[in-house]
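**Student:** This is the structure I have questions about; it appears just below.
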Amino acid sequence: MLKPGSSGPWWRTAAIYQLYMRSFADGDGDGIGDLAGARARLPYLAELGIDAIWLNPWYPSPMADGGYDISDYRDIDPLFGTLADADALIREAHALGIKIIIDVVPNHGSDRHPWFTEALAAGPGSAARERFWFRPGRGPGGDEPPNNWQSIFGGPAWSRVTEPDGSPGEWYLHLFTPQQPDFNWRSPDVRAEFEDVLRFWFDRGADGIRVDSAALLAKDPTLPDLPPGPQGPAPEPFNDRDDVHDIYRSWRAIADAAGGRLLVGEVWLPDAARTARYVAPGELHTVFNFPYLISAWDAAALREVIERTMELGDLSGAPATWVLSNHDVDRPVSRYGRAETWFDLARRPYLHGFPVDRALGTRRARAAALLTMALPGSVYIYQGEELGLWEVQDIPDELRQDPIWYRTGGEDPGRDGCRVPLPWSGTEPPFGFSLAEGARDPMLPQPKEWRELTVAAELADEDSMLRLYQSALRLRRSLAAFADGGLTWQPAPGGVLSFDRRLTDDHGPADDREPADAAVRCIANLSAAPIALPSEATVLLTSSPLADGMLPPDTTVWLRL
Ligand code: GLC
């Protein structure tokens, strides 16, 4: 039995802030965010009202993919600071009542990881190569890749190495860039290594782990070609294979033994039932809700995703997660400001062809935020979402960093546009991003218009997005109706979502919350017409002002009944 606010695992209802360190806050003035900057800004996050921070990879890395190419899983990249700085961040966050979730990347390492260097030197057939996927090429001279798999970031998924004697040699598999060789999870060394890495960070105080590319680890060892044409529903030989679940059963045991740490998986699968298998008892605790993130701004589409999410939760016992953005997708203001609002990674080049109506996108992003924070489960907030930042689509080509841009020859604009450094204060770039005097330019250029979206400007404006997030997070924390539980749909006109949150019978009211009988109704108007509100309800919060007592289009309201 869970008591809201007091007992029950924290992650079932937590608001989790995603901190992408490179663009959060720069402490040492090199134009790249770091641990000193993050530590200095912890009070801002405490004030925002979040329960936990998820940090993207902070390990030593050649940064071929923003740190998702790791060369040492037990240290911190000097760009960000030291292991002592990481310990200090964890300690200081804990002192503020904030949990820390770190990112572990088990599918692939860096080509500078000592194991890969060793494998190159050891040559074909060696035990060192068994930790990766090395294979001879096909065709005359082995000049063709071992199979037809393509990299998720564009180009072939195989690269050829030069053997120690200087001859053209074997090929190795990399589902992402060539600088990110895939580990072979059939190797006992790989399993033992990552189990130890988990224990290392749990011992240092990490409260949870986000598992990168969680469905990709297991591969069909025969490495078969993919059939030509569009892929059917059957799992690909490198994605969502049954044997991947063994790995998470062993990880769960480690997380449990460490005193109940969280495992949250990055699982991008079209099939909800297959996704649910990752949160089966004894595996991961939660997975990111990508169907919700990519959904169009459309009441029927959103309702379907919400219903499906709740059903899967009922089956697995895992709480839902609600995610509007992260470091891999276009920012919501831009997504919702285009004529087509359904997002998908593969659609990004196409979607960038649409003009963005920022005022409309912002209005909808505000409405989406209140809808999201009213749903039962945990919620993820990607840094800058709370400021209403938009996707920066006009980054000069020569400043782009994302390997997706390079590997697709610029056809896919990639993810730099959601990774532009945050504006903190002032009226000119770098907007207080760097805390040190005489700092270098931020690692990606900030739009001049962000002078209106700095933290300082938004704190001074009661109607800002930041103030909306603060108010919503505070209410979400303090109202008993928002405790762990379900939702009850209410009748509503077309284009409108209406549901109640209420404490269920098995939850006693926590001391610091409202009485158990105070229900909260969330109504999101995605239709084109204003709608009347129920009489005898008190308005707790609206995403945009009511108009003559009516709920205008693209607006969400929280009501106390
Ligand atoms: C995940 C990360 C993404 C990274 C990729 C490869 O999808 O979210 O940023 O590029 O894995 O590690």
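**Student:** Confirm whether Ser126 is within 16 Å of the ligand (Cβ to nearest atom) and of a type in the set (Gly, Ala, Ser).
**Tutor:** No.
**Student:** Okay, moving on. Taking the stretch 402-421 on its own, how many of its residues are within 11 Å of the ligand (Cβ to nearest atom), under 19 Å from Leu19 (Cβ atoms) and in a helix (DSSP H, G or I)?
**Tutor:** Within the stretch 402-421, residues that are within 11 Å of the ligand (Cβ to nearest atom), under 19 Å from Leu19 (Cβ atoms) and in a helix (DSSP H, G or I) number 1.
**Student:** Out of everything in the stretch 56-81 that is of a type in the set (Asp, Glu) and more than 20 Å from the chain's Cα centre (by Cα), what residue ends up being farthest from the ligand (Cβ to nearest atom)?
**Tutor:** Asp75
**Student:** Do you know which of the residues in the stretch 191-202 that are farther than 19 Å from Val287 by Cβ and of a type outside the set (Phe, Trp, Tyr) is nearest to the ligand (Cβ to nearest atom)?
**Tutor:** For the stretch 191-202, the residue satisfying everything is Val197.
**Student:** If you check Gly337 against the conditions, is it in contact with a Gly (Cβ under 7 Å, 6 or more places away or on another chain), assigned to a loop (DSSP other than H, G, I, E, B), at pLDDT 95 or above and crowded, with 24+ Cβ neighbours inside 10 Å?
**Tutor:** Criteria met by Gly337.
**Student:** Identify, by number, the condition in (1) buried (at least 20 other Cβ atoms within 10 Å of the Cβ); (2) under 19 Å from the mean Cα position of the chain (by Cα) that Arg347 doesn't meet.
**Tutor:** Of the numbered conditions (1) buried (at least 20 other Cβ atoms within 10 Å of the Cβ); (2) under 19 Å from the mean Cα position of the chain (by Cα), the odd one out for Arg347 is (1).
**Student:** Still on this structure, please answer the following. Could you tell me which of the residues Ser471, Ser478, Ser434 is closer than 21 Å to Met21 by Cβ, assigned by TED's automatic domain parsing to the domain that holds Ser378 and of a type in the set (Ser, Thr, Tyr)?
**Tutor:** Ser434
**Student:** Of these, Gly155, Gly205, which one is touching a residue at least 12 places away in the same chain (Cβ under 8 Å), surrounded by fewer than 19 Cβ atoms within 10 Å (Cβ to Cβ) and within 16 Å of the ligand (Cβ to nearest atom)?
**Tutor:** Gly155
**Student:** Here is a check on your reading of the model: is Leu223 modelled with pLDDT of 95 or more, in contact with a Pro (Cβ under 8 Å, 6 or more places away or on another chain) and away from the ligand (no atom under 16 Å from the Cβ)?
**Tutor:** For Leu223, the condition - modelled with pLDDT of 95 or more, in contact with a Pro (Cβ under 8 Å, 6 or more places away or on another chain) and away from the ligand (no atom under 16 Å from the Cβ) - is met.
**Student:** While we're here: Scan the stretch 450-473 for residues that are farther than 27 Å from Ala36 by Cα and in a helix (DSSP H, G or I) and jot them down.
**Tutor:** Of everything in the stretch 450-473, those that are farther than 27 Å from Ala36 by Cα and in a helix (DSSP H, G or I) turn out to be Leu468, Ser471, Ala472.
**Student:** With the checklist (1) crowded, with 21+ Cβ neighbours inside 10 Å; (2) within 16 Å of the ligand (Cβ to nearest atom); (3) in contact (Cβ under 8 Å) with a residue 60 or more places away in the chain; (4) not acidic (Asp, Glu) in hand, flag the one item Phe290 doesn't pass.
**Tutor:** So the condition that Phe290 fails would be (3).
**Student:** Same structure, new question: Give the residues of the stretch 266-277 that are within 16 Å of the ligand (Cβ to nearest atom) and not in a helix (DSSP H, G or I), sorted by residue number.
**Tutor:** Glu266, Val267, Trp268, Leu269, Pro270 - these are the residues of the stretch 266-277 that are within 16 Å of the ligand (Cβ to nearest atom) and not in a helix (DSSP H, G or I).
**Student:** What residue, among those in the stretch 305-333 that are within 16 Å of the ligand (Cβ to nearest atom) and part of a loop (DSSP other than H, G, I, E, B), is farthest from Val420 (Cα to Cα)?
**Tutor:** Leu324
**Student:** Right, another one. Just the residues that are in a loop (DSSP other than H, G, I, E, B) and crowded, with 20+ Cβ neighbours inside 10 Å, please, taken from the stretch 240-265.
**Tutor:** Result: Asp240, Arg261.
**Student:** Tell me whether the stretch 183-190 contains one or more residues that are away from the ligand (no atom under 16 Å from the Cβ), outside any loop (DSSP other than H, G, I, E, B), buried (at least 21 other Cβ atoms within 10 Å of the Cβ) and not assigned by TED's automatic domain parsing to the domain that holds Gly141.
**Tutor:** For the stretch 183-190, residues away from the ligand (no atom under 16 Å from the Cβ), outside any loop (DSSP other than H, G, I, E, B), buried (at least 21 other Cβ atoms within 10 Å of the Cβ) and not assigned by TED's automatic domain parsing to the domain that holds Gly141: absent.
The values are calculated or read from the model by the stated rules, or taken from the named source; none is laboratory data. Nothing here was measured: the structure is a model prediction, and the numbers come from that model. In this analysis, Cβ positions are derived from the backbone assuming ideal geometry, glycine residues included, and neighbour counts consider all displayed protein chains.
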